[in-house]
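S.K.: Please see the structure below; I have some questions.
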Amino acid sequence: MSEAGPPILQVDHVTMRFGGLVAVDDLSFAAKPREITAIIGPNGAGKTTVFNCITGFYKPTEGMIQLRHPAHPEPFLLERMEDHEIAARAGVARTFQNIRLFSGMTVLENLLVAQHGPLNEASFFSFAGLLGLKRYRKAEAEAVDFASYWLEKLGLIDRADDAAGDLAYGDQRRLEIARSMCTRPVILCLDEPAAGLNPRESAGLNDTLRWIRDEHGLAILLIEHDMGVVMGISDHIVVLDYGRKIADGAPEFIRNDPTVIAAYLGVAEDEVELVEAEVGR
Amino acid sequence: MAEGVVMATGARSIEAPDVGEALKQAIIASGIALILFIAIVGIKTENAQGGLALIYRFGAAFSLAATVGVVRFLFDLFVWRGLGREIMQRWLPAGTLGTVMTALVIAAYLLGAYYFIVPGSRLALAETLSDIFGDNEWRSRSRIFVELTGQLVIAVFIVLSAMGIIMALRRLFSAAIPASREAVPPAARAEKTTLAEFGQQFAPALLVIAVILPVLVAGPQQRYALDTAIQILTYIMLGWGLNIVVGLAGLLDLGYVAFYAVGAYSYALLSTSFGWSFWICLPLAGILAAFWGIMLGFPVLRLRGDYLAIVTLAFGEMIRILLLNWQSLTNGPNGISQIPKPSFFGLSFDRFGGSGTKFHEFFGLQYDAVYRIIFLYYIILALALMVNFASQRLRRLPIGRAWEALREDEIACRSLGINTVTTKLTAFAIGAMFGGFAGSFFAMRQGFISPESFTFHESALILAIVVLGGLGSQIGVVVAAVALIGSSEFFRDLEDYRMLIFGASMVVIMVWRPRGLVSGRAPTVVLKEHKVISGGLVKEGAG
């Protein structure tokens, strides 16, 4: 699955401190296009903090995050950009651990809000839209078509006119993915997309993510606790523990890595020194 | 037990009324009523020599409590339980709600027509009522009350008739039924359409009535009625303006009156210093108010919830205090007077004086001061409709959807590439602009303004209109403005009881409809079917 060529997202020596707490410590990794990169680790390992740094919700204390947009010659330096610019210009889309839909708006409206940038431009920042010009109406019809495409693909088309808050939990998760895809991203960051899904739904999620990767050529960055999902679809896994990277590689490699096993399961008393020597702590 | 009741209603033809239970309820009801009435009605203070004197009217209190008990008893026996419920169940199978509506319309029509046509009928009713109490004061009070109720019935009757007429006309002219409706089974359709269609005619009916209002109220009361209508429309316009900030963008603004003041002073100062006409000053006032909206917006961008409310409240007070103290510009507490009155395409509404042709001379009419009022009425109607049109359009545009998304979840907005700074600022600016328009109209209408007109009380009233109407609802604002401003005018004769009624109705509405009169949210874009989103899902915004 992996391709030669430069990584689309490169995280270099990123450190994030909150006062005395070091949430992410000198983290470096890279995500390649058309690959699913999973970030795993025990609770509190700093996975969501990494996501927040990449998507601009936090400014990292140190380090550099580069994103190579295919349609842009120069790489974007994400640590210097505003969060909404990262989404709108650099093409980074994300979902949230606790679903953040616009619950009082319909499913279709949620997807149109995601296309705000191009639509707002088409409406001449509301002036053409206010006068009801044809140019805007055409743009809106196209946006609805694009939204329908994603609703169709994720099996939500019949719920298009229902309030997002009325959807079942699994449907809300899928709607959040559809909504972030409507921003036309080059990299999709999913924060625990399988949380709360039943086995059938999470198998469906696997298929969807693979399809997005293969059909749309997206890079996907994934935080997940469900090892079935992680091992099933990841091309590449980064393991964090206490804010530091402890392993990085293909799923088979990670599965057998002793430090990873130690981080997840703990170690027996007599092995502690051995493992500590290995981890370097 | 519950099952038994269901079985009984299904099997037997008439459920025997439970007299004992009804009696018990009646006694409880009259007991509660007595406790209330003893204090409110039974004891009265009156100015007497050497201070206040207490006057006891326990007879009136007892008779009121007894009336409550009897009515409750009768309701229990014949309306809620036995016969009445049976009638409702038998004669009101699913799908005949329309018939009930029609019956109600006819009843309102007949009652309205009776009071409207038969001279003295309202007075006669009042006499009968006051005879029961046998008290002169109650005589006059009940006369006022019956008179007001009569007027209310007439108002309802006019609105309902207009809705009926519009509905009938629509049916008449829409020969072809849309194809999509064919799919719906006729039985389901009948029930759905009657009520929904009836509801849809409410706004057009109000519009028609608003347009022909000057004719409707012709007579000795015309001037007063139009003045009230102008006041109501001003508040409707302010409510619609604030609705953008509070209802759509979810930013609680307690200082909205500041923009109203900016608009009013802009027109007052520009017209008195430079002699510019209203139509030049109106957009300028809007722009200045929008500018101040942005000035307020910048410092509060990062504030949410209570903090935002406090800062906006302070901003409203700051503007008022500034106007009060900047003597050289605003003339301080003395205000600005002799603000130019409107003219009809250069034709003055004055009787004498000045140069140029007068309105009544040009049209060859007898001079009447009411022409100016009618003209003002149509100006504010046009302005309000323009605000309504603009905000309805904006709501369906990307910026409007971004406002609503901001109200729902700001973080999700940012993750989708929406610049929340500009989105918030446009909400503040456009809301403020509409407030500025209303302000300059206010200055023109009054001819005199002073900082006293722009106190926090006004902000609170406008916010109450928006909240009472239902956040984000346009028609809700209309109903709430009519209810709040109209009722305080309507019950003016009741003096102090007015505030009692005002407070009580607010409490009742907030208990009955905690999310406002119109709580559902209409989607801005539809793929297949238009479904109203229930108010429970719509967030109120965190500020």
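The values are calculated or read from the model by the stated rules, or taken from the named source; none is laboratory data. What you see is a predicted model; the values in this text were computed from it and never measured. FYI the Cβ positions are ideal-geometry reconstructions off the backbone, even for glycines, and counts take in every protein chain you see. The protein model used for the area step is the full one, side chains on, heavy atoms only, and it has no ligands, DNA or RNA in it. Shrake-Rupley method; radii C 1.70, N 1.55, O 1.52, S 1.80 Å.
S.K.: Does B:Lys528 satisfy the criteria of being under 30 Å from B:Ile310 (Cβ atoms), open to solvent by 50 Å² or more (accessible area, probe 1.4 Å) and within 7 Å of chain A (Cβ to nearest Cβ)?
M.R.: In short, no.
S.K.: Across the stretch B:386-419, what is the total count of residues that are at the interface with chain A (Cβ under 7 Å from one of its Cβ atoms) and either within 24 Å of A:Pro185 (Cα to Cα) or open to solvent by 40 Å² or more (accessible area, probe 1.4 Å) (or both)?
M.R.: Number satisfying all stated conditions: 18.
S.K.: Run down B:Leu252, B:Leu296, B:Leu308, B:Leu242 and say which single residue is outside any helix (DSSP H, G or I), touching a helix residue (DSSP H, G or I) at 6+ places or on another chain (Cβ under 7 Å), aliphatic (A, V, I, L, M) and within 26 Å of B:Ala402 (Cβ to Cβ).
M.R.: B:Leu252
S.K.: Would a scan of the stretch A:186-199 turn up a residue that is within 14 Å of chain B (Cβ to nearest Cβ), open to solvent by 10 Å² or more (accessible area, probe 1.4 Å) and either in contact with a strand residue (DSSP E or B) (Cβ under 9 Å, 6 or more places away or on another chain) or farther than 17 Å from A:Pro42 by Cα (or both)?
M.R.: Yes: the stretch A:186-199 contains one or more residues that are within 14 Å of chain B (Cβ to nearest Cβ), open to solvent by 10 Å² or more (accessible area, probe 1.4 Å) and either in contact with a strand residue (DSSP E or B) (Cβ under 9 Å, 6 or more places away or on another chain) or farther than 17 Å from A:Pro42 by Cα (or both).
S.K.: Oh, and also: Can you confirm whether the stretch B:441-461 contains a residue that is of a type outside the set (Asp, Glu), within 14 Å of another protein chain (Cβ to nearest Cβ) and open to solvent by 10 Å² or more (accessible area, probe 1.4 Å)?
M.R.: No, the stretch B:441-461 contains no residue that is of a type outside the set (Asp, Glu), within 14 Å of another protein chain (Cβ to nearest Cβ) and open to solvent by 10 Å² or more (accessible area, probe 1.4 Å).
S.K.: Here's a follow-up. So B:Leu301 passes all but one of these: (1) within 14 Å of chain A (Cβ to nearest Cβ); (2) surrounded by 19 or more Cβ atoms within 10 Å (Cβ to Cβ). Which condition number does it fail?
M.R.: Every listed condition holds for B:Leu301 apart from (2).
S.K.: Continuing with the same structure: Starting from the stretch B:37-65, take each residue that is more than 19 Å from B:Ile501 (Cα to Cα) and list its partners that are of a type in the set (D, E, K, R) and open to solvent by less than 60 Å² (accessible area, probe 1.4 Å), counting only C-beta distances under 6 angstrom and pairs at least six apart or across chains.
M.R.: B:Ile55/B:Lys44
S.K.: Which numbered condition trips up A:Asp161, out of (1) within 11 Å of A:Cys182 (Cβ to Cβ); (2) modelled with pLDDT of 90 or more; (3) at the interface with chain B (Cβ under 7 Å from one of its Cβ atoms)?
M.R.: (1)
S.K.: Of the residues A:His69, A:His84, which single one is within 24 Å of A:Asp12 (Cβ to Cβ), open to solvent by 20 Å² or more (accessible area, probe 1.4 Å), within 23 Å of the chain's Cα centre (by Cα) and within 11 Å of another protein chain (Cβ to nearest Cβ)?
M.R.: Among A:His69, A:His84, only A:His84 is within 24 Å of A:Asp12 (Cβ to Cβ), open to solvent by 20 Å² or more (accessible area, probe 1.4 Å), within 23 Å of the chain's Cα centre (by Cα) and within 11 Å of another protein chain (Cβ to nearest Cβ).
S.K.: Could you name every one of the helices (runs of 4 or more DSSP H) located completely within the stretch B:375-454 that has at least 1 residues being within 30 Å of B:Trp326 (Cβ to Cβ)?
M.R.: Correct list: B:420-446.
S.K.: Within the stretch B:481-509, can you find the residues that are of a type in the set (A, V, I, L, M, F, W, C) and either open to solvent by less than 30 Å² (accessible area, probe 1.4 Å) or touching a residue at least 40 places away in the same chain (Cβ under 8 Å) (or both)?
M.R.: Of everything in the stretch B:481-509, those that are of a type in the set (A, V, I, L, M, F, W, C) and either open to solvent by less than 30 Å² (accessible area, probe 1.4 Å) or touching a residue at least 40 places away in the same chain (Cβ under 8 Å) (or both) turn out to be B:Ala481, B:Val482, B:Leu484, B:Ile485, B:Phe490, B:Phe491, B:Leu494, B:Met506, B:Ile509.
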